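S.K.: Got a structure for you, questions after.
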Amino acid sequence: MKTSSYPASSKRLSQQALELSIATPQVVAQRLTRMAFAGPNMSAQDQKEFKQMSDEKVTAFYQSWNAIWVQMFKSQFALAQVMVSTFTAAAVAGKSPCVTSAISAMSNEVNKIMSAGIEPVHRQAVSNARRLSRNR
């Protein structure tokens, strides 16, 4: 059996994107249906749901930005470490540096940043899809 050569951060980002692409249309359809049935005279439960909908979007946005900044901060140190070790090893060996590991590390760190940013939105959308599908 052949194993994948993709890093874990890339696999995680792909999984999050796939799950988000499935959960989002479900949530939108369920909420639009609920809005259509509620009409202009919304019940207290409908009002609560629609307020929660807008509140959670703002919360997920702020959590996403915070997660991106935290991961970017961590990634700067990880990339600095890779660059220093790459150039130090090259200098000790008297060769020109091989930037393949640095490029691979950059790609990995970008995936981590993107995954950190999408995680709050992913978590909320998947949670909503589960919760709203139970309430049918």
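Read-outs: derived from the displayed coordinates by stated rules, not from any lab. What you see is a predicted model; the values in this text were computed from it and never measured. For neighbour counting, all protein chains shown are included, and Cβ atoms are generated from backbone atoms with ideal geometry for every residue, glycine included.
S.K.: When the chain is treated as a GNM, springs tying every alpha-carbon pair under 10 Å, which of 66, 108, 41 comes out with the largest mean-square fluctuation?
M.R.: 41
S.K.: Once amide H atoms are built 1.01 Å from N in the peptide plane, which residues 5 or more positions from residue 99, or in another chain, come under 5 Å H to H?
M.R.: Residues meeting the amide H criterion: none.
S.K.: Assigning unit charges at the beta carbon (Lys, Arg +1; Asp, Glu -1) and nothing else, what dipole magnitude in debye, to the nearest 20, does segment 1-122 show about its Cα centre?
M.R.: Numbers: 11 positive and 7 negative charges, 56 e Å.
In total the dipole reaches around 260 debye.
S.K.: So, in nm, how far is label residue 89 from label residue 26 when the simple model puts each one 7 Å beyond its Cα toward the Cβ?
M.R.: Once both label points are built, they end up 4.4 nm from each other.
S.K.: May I ask you to list the lysines whose Cα is less than 18 Å away from that of residue 112, ignoring any residue fewer than eight positions away on the same chain?
M.R.: 11, 74
S.K.: Then there's this: Efficiency by 1/(1 + (r/R0)^6): what FRET value for residue 106 and residue 57, r their Cβ-Cβ distance, R0 = 25 Å, to the nearest 0.05?
M.R.: Result of the calculation: an efficiency of 0.20.
S.K.: Rounded to the nearest 500, what is the 222 nm mean residue ellipticity of the chain from helices alone, with -39500 (n - 2.57) per DSSP H run of 4+ residues and division by all residues?
M.R.: Details: 3 runs with 116 residues, N = 136.
My calculation for the chain gives -31500 deg cm²/dmol from helical runs alone.
S.K.: Sticking with this one: So, how do all the Cα-to-Cα distances of the chain break down into 5 Å bins, in percent, from 0 on up?
M.R.: Each 5 Å bin holds this share of Cα pairs: 2, 9, 13, 15, 13, 11, 10, 8, 6, 5, 4, 2, 1, 1, 0, 0.
S.K.: Estimate the FRET efficiency between residue 66 and residue 123 by the formula 1/(1 + (r/R0)^6), using the beta-carbon distance for r and 22 Å for R0, to the nearest 0.05.
M.R.: On the way: r = 14 Å, r/R0 = 0.62.
Efficiency, from the Cβ-Cβ distance: 0.95.
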